[in-house]
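The values are calculated or read from the model by the stated rules, or taken from the named source; none is laboratory data. Note that the structure is a prediction, hence the values are computed from the model and not measured. Here the Cβ is made from the backbone with ideal geometry for all residues, glycine too, and neighbour counts use every protein chain on show. Heavy atoms of the whole protein, side chains included, go into the accessibility calculation; ligands, DNA and RNA do not. Shrake-Rupley method; radii C 1.70, N 1.55, O 1.52, S 1.80 Å.
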Amino acid sequence: MKTLENMTTIEQMEEMTAKLKEQAVKVGAETYEDRVKAQTPHCKFGEDGVCCKNCSMGPCRVTPKGQRGICGADAHAIAARNYARMIAAGTASHSDHAREILHILHSTKKDGPYQVRDEAKLLRLAAEWGVKSEGRDIYDVAHEVAEVGLMEFGKPFGKMLFPKRAPKERQECWEKQDLWPRAIDREIATILHMTHMGNTADPEALIRQGIRTGLSNGWGGSMIGTEITDILFGTPVERTSEGNLGTLEKEMVNLVVHGHDPAFSEMVVTATELKELQDHAKKVGAKGINVLGLCCTANEVAMRHGVRMVGNFLQQENVILTGVCDMMCVDVQCIFPALPKLAACFHTKFVTSSPIARIPGATHVEFHPETALEQAKEIVKMAIDNFKNRDEGKIYIPEHKQPAVVGYPCEQIITKLDGVTNSHIDELGSYRPAVDAIKAGVIRGAVGIVGCNNPKVRPDFSHFAIMEELLKNDILIVATGCAAQLATKAGLLNKEAKWACGDGLRRVCDLVDIPPILHMGACVDISRILLLVAGISRDWGVNMNQLPIVGCAPEWMSEKAVSIANYVIGSGIDVYLGIQPQVMGSSEMAGWITEGTRKITGAGFIINTDPKELVKSIVDGIEAKRAAIGI
Ligand code: BF8
Ligand code: SF4
């Protein structure tokens, strides 16, 4: 069995980053560390959420001498409005990504650039959404399913469909509390309307609308994104990959796909496999094309193709600093606008592809579904032709990389559990073996660790410290997003990482043949975690808010993360945060997000910026949930 010595420590990762920083200094390039210094200390009003610029009488800041804005809004109203707007923006981002994917489904055709890969999943969804499939061409079914999905964004009447997938108790809570989302765009617009000058000043109303909008993401936009992506590109299965900067290859053309929307990256990956382009790479003196993923795109392409994962959010500049990134091509979200300028200090070609993320200094190749493959080929060729432009004097490739096993959507988890006890009771399968292990105490509970990096804390350190302690305490981890990437880089995403577990969890991992951290995908795939918890609740007969299962975002930074946190508490699952939400200038809001929501949904936030204390509260929280249900 491998041991601690086989993993990559945070200190080793930091050493690697320090060496790459020397590369930056050598070429006179600025990195995020420089900008953090220039921005420190942060504006206290902004940090506390008590600066309002929702109209041009302002900006108004809450100070001891000015307790209210010009219109009379106090700290509670201002902080609540700012917070709600973060949820709206996060929901819009995840959901607009899903809308694009639905348009791709609508464009599919036999022999077209995009086709239906998982017909069974499409047919299940068609049945769920009342779309007839018998005797029909699969593409007619696909197009009608896409239309139903697109109506979820703006239908004028009724309410959203996927929340019906939740257990009965949750649905009743949403009905009773008036939290059942109506349509995605409508909930976002309602927040923008409520927070316009002269509207809602009541924090509770904004908290409630924030949760409803979050739910339109988790049980709406994100879930649609995940389902339709599986239908288009295949539902992931367990497969091997590798991660960290050591996956860059000196002798090969390194092409990095960065962002979130798999419609783009899937096509680029497909193009790199074409013989004509492989031959072209050899012609320019490379051994081949090394395609790598960054941020959530890495999770998407690793889950479906085993494409290697070069890094997470705060590693995006490091990739260019190695001097061997021949191209970085991006779609949407979490892309530093600093990248084109940095790329210009090296030979790296930086390509944007979406009208949603236009960045000065980039080469823009706007991506269209009809011509997707031709465009992807053009991009790959551009990367290959850039191979010769590397500057030997600017190259440093860190050696660290770790093997990983990825690809655990709910379907794969059920298949794995089935291998142990053959508990497949119906078409959907069963989580009963997992329930039994939790009931027996062999596993104490489970935690979904998700989210970003944030330079407000030591990058990746909190993820690692929390994961290490949970595994030791026999708590199973599922991970997505940049948290999953840290697990990859550290070497915790492989089956040999059992050394990190307590005896009980180690036995379960052996029996089920899984790593102790299950990679469930990108951030939109947190919808898979919702379905996992809903399935466990169904098979156990225990409500979602009573299960010893919680969420944790130790290093979150984005508006998407705020939306996610709200749909998770909306689903009755506690969320442990390692970064303070920007509302603490309002005592009322601090109370609402930690305690107030418990009366509405049965869950709330627990916030602690010290990872050691945060993980202790997670373990205590799980044990308290166990005790409350008598196990
Ligand atoms: O959606 S975890 S830094 S890459 S926001 Fe971004 Fe955060 Fe990473 Fe993916 Ni999610
Ligand atoms: Fe100031 Fe009120 Fe305008 Fe906000 S909405 S900027 S608090 S006057």
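Suppose we filter 471, 511 for residues that are out of contact with any Leu (no Cβ under 8 Å at 6 or more places or on another chain), away from ligand 2 (no atom under 16 Å from the Cβ) and not β-branched (Val, Ile, Thr); which single one remains?
After ruling out the rest, the residue left standing is 511.
When residues of region 306-346 are filtered for being free of Cβ contacts under 8 Å to residues at least 60 places away in the same chain and touching a Phe, Trp or Tyr at 6+ places or on another chain (Cβ under 9 Å), how many remain? Quick ask: steps written out before the conclusion?
Restricting attention to region 306-346, the residues satisfying the condition of being free of Cβ contacts under 8 Å to residues at least 60 places away in the same chain are 316, 320, 337, 339-340, 343-344.
Okay, now just the ones that are also touching a Phe, Trp or Tyr at 6+ places or on another chain (Cβ under 9 Å), so 316, 320, 339-340, 343-344.
Result for region 306-346: 6.
Restricting region 510-557 to residues that are more than 16 Å from ligand 1 (Cβ to nearest atom) and among the acidic types (Asp, Glu), which is farthest from residue 463 (Cα to Cα)? Break it down stepwise before answering.
Taking region 510-557 first, the residues more than 16 Å from ligand 1 (Cβ to nearest atom) are 510-516, 518, 531-550.
Now restrict to residues that are among the acidic types (Asp, Glu): 510, 513, 539.
Values: 510: 24, 513: 24, 539: 30 Å.
Going through the qualifying residues, I end up with 539.
Just one of 286, 271, 281 is assigned to a helix (DSSP H, G or I), touching a Phe, Trp or Tyr at 6+ places or on another chain (Cβ under 9 Å) and of a type in the set (A, V, I, L, M, F, W, C); which is it?
Testing whether each residue is assigned to a helix (DSSP H, G or I), touching a Phe, Trp or Tyr at 6+ places or on another chain (Cβ under 9 Å) and of a type in the set (A, V, I, L, M, F, W, C) leaves just 281.
Quick check: anything in region 220-232 charged (D, E, K, R) and either in the same structural domain as residue 515 (by TED's automatic domain parsing) or assigned to a helix (DSSP H, G or I) (or both)? Talk me through it step by step, then tell me what you get.
The first filter runs over region 220-232 and keeps only residues charged (D, E, K, R), leaving 227, 230.
Now narrow it down to the ones that are either in the same structural domain as residue 515 (by TED's automatic domain parsing) or assigned to a helix (DSSP H, G or I) (or both): 227, 230.
Yes - at least one qualifying residue is present in region 220-232.
Restricting to helices (runs of 4 or more DSSP H) lying wholly in region 108-187: which have 2 or more residues that are within 24 Å of the chain's Cα centre (by Cα) and of a type outside the set (A, V, I, L, M)? Break it down into steps so the answer makes sense when it comes.
Details: elements: 119-128, 138-154, 168-176.
The qualifying helices (runs of 4 or more DSSP H) are 138-154.
In region 481-589, which strands (runs of 3 or more DSSP E) lie fully inside it and hold 3 or more residues that are hydrophobic (A, V, I, L, M, F, W, C)? Can you show your working first?
Values: elements: 517-521, 549-553, 575-577.
Fully inside region 481-589 and qualifying: 517-521, 549-553.
Does at least one position in region 192-208 carry a residue that is within 16 Å of ligand 1 (Cβ to nearest atom) and open to solvent by less than 30 Å² (accessible area, probe 1.4 Å)? So that I can check it myself, show each step before the final result.
The initial filter retains those residues of region 192-208 that are within 16 Å of ligand 1 (Cβ to nearest atom), namely none.
Within region 192-208, not a single residue is within 16 Å of ligand 1 (Cβ to nearest atom) and open to solvent by less than 30 Å² (accessible area, probe 1.4 Å).
Taking residue 274 and the conditions (1) open to solvent by 30 Å² or more (accessible area, probe 1.4 Å); (2) touching a strand residue (DSSP E or B) at 6+ places or on another chain (Cβ under 9 Å), which numbered condition does it fall short on, given that it satisfies the others?
For residue 274, the failing item is (2).
Please name all residue pairs, on different chains or six or more residues apart, with Cβ atoms under 8 Å, provided the first residue is in region 440-463 and is closer than 17 Å to residue 580 by Cβ and in the same structural domain as residue 623 (by TED's automatic domain parsing) and the second residue is among the small types (Gly, Ala, Ser) and more than 12 Å from ligand 1 (Cβ to nearest atom).
Close Cβ pairs satisfying both conditions: 457/578; 462/578.
I'd like the full set of residues that are within 16 Å of ligand 1 (Cβ to nearest atom), out of contact with any His (no Cβ under 8 Å at 6 or more places or on another chain) and open to solvent by 10 Å² or more (accessible area, probe 1.4 Å), limited to region 327-358.
Those that are within 16 Å of ligand 1 (Cβ to nearest atom), out of contact with any His (no Cβ under 8 Å at 6 or more places or on another chain) and open to solvent by 10 Å² or more (accessible area, probe 1.4 Å): 336, 337, 338, 354, 356, 357.
Okay, residues lined up against (1) in contact with a helix residue (DSSP H, G or I) (Cβ under 7 Å, 6 or more places away or on another chain); (2) in the same structural domain as residue 168 (by TED's automatic domain parsing); (3) at pLDDT 95 or above; (4) away from ligand 2 (no atom under 16 Å from the Cβ):
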{"residue": "522", "(1), (2), (3), (4)": "yes, no, yes, yes"}
{"residue": "541", "(1), (2), (3), (4)": "no, no, yes, yes"}
{"residue": "546", "(1), (2), (3), (4)": "yes, no, yes, yes"}
{"residue": "567", "(1), (2), (3), (4)": "yes, no, yes, yes"}
{"residue": "574", "(1), (2), (3), (4)": "yes, no, yes, yes"}
{"residue": "578", "(1), (2), (3), (4)": "yes, no, yes, yes"}
{"residue": "583", "(1), (2), (3), (4)": "yes, no, yes, no"}
{"residue": "586", "(1), (2), (3), (4)": "yes, no, yes, no"}
{"residue": "612", "(1), (2), (3), (4)": "yes, no, yes, yes"}
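How many of the residues in region 151-163 are more than 10 Å from residue 184 (Cβ to Cβ) and in contact with a helix residue (DSSP H, G or I) (Cβ under 7 Å, 6 or more places away or on another chain)?
3
Residue 444 - would you say it is over 27 Å from residue 316 (Cα atoms), touching a strand residue (DSSP E or B) at 6+ places or on another chain (Cβ under 8 Å) and basic (Lys, Arg)? Show your work before the answer.
Details: over 27 Å from residue 316 (Cα atoms): yes; touching a strand residue (DSSP E or B) at 6+ places or on another chain (Cβ under 8 Å): yes; basic (Lys, Arg): yes.
It is true that residue 444 is over 27 Å from residue 316 (Cα atoms), touching a strand residue (DSSP E or B) at 6+ places or on another chain (Cβ under 8 Å) and basic (Lys, Arg).
If I ask for residues that are open to solvent by 30 Å² or more (accessible area, probe 1.4 Å) and either farther than 20 Å from residue 588 by Cβ or more than 7 Å from ligand 2 (Cβ to nearest atom) (or both), which ones from region 49-59 would you list? If you could, list the steps in order and put the result at the bottom.
Step one: filter region 49-59 for residues open to solvent by 30 Å² or more (accessible area, probe 1.4 Å), giving 51, 53-57, 59.
If the condition is that a residue be open to solvent by 30 Å² or more (accessible area, probe 1.4 Å) and either farther than 20 Å from residue 588 by Cβ or more than 7 Å from ligand 2 (Cβ to nearest atom) (or both), then 51, 53, 55, 56, 57, 59 are the ones that fit.
For the list (1) touching a residue at least 24 places away in the same chain (Cβ under 8 Å); (2) among the hydrophobic types (A, V, I, L, M, F, W, C); (3) not assigned by TED's automatic domain parsing to the domain that holds residue 199, I need the number of the one condition that residue 43 fails.
Exception for residue 43: condition (1).
Return yes when residue 257 is outside the structural domain of residue 129 (by TED's automatic domain parsing) and either surrounded by fewer than 24 Cβ atoms within 10 Å (Cβ to Cβ) or outside any helix (DSSP H, G or I) (or both) and no when it is not. Working first, answer last.
On the way: outside the structural domain of residue 129 (by TED's automatic domain parsing): yes; either surrounded by fewer than 24 Cβ atoms within 10 Å (Cβ to Cβ) or outside any helix (DSSP H, G or I) (or both): yes.
Taking the combined requirement at face value, the residue satisfies it.
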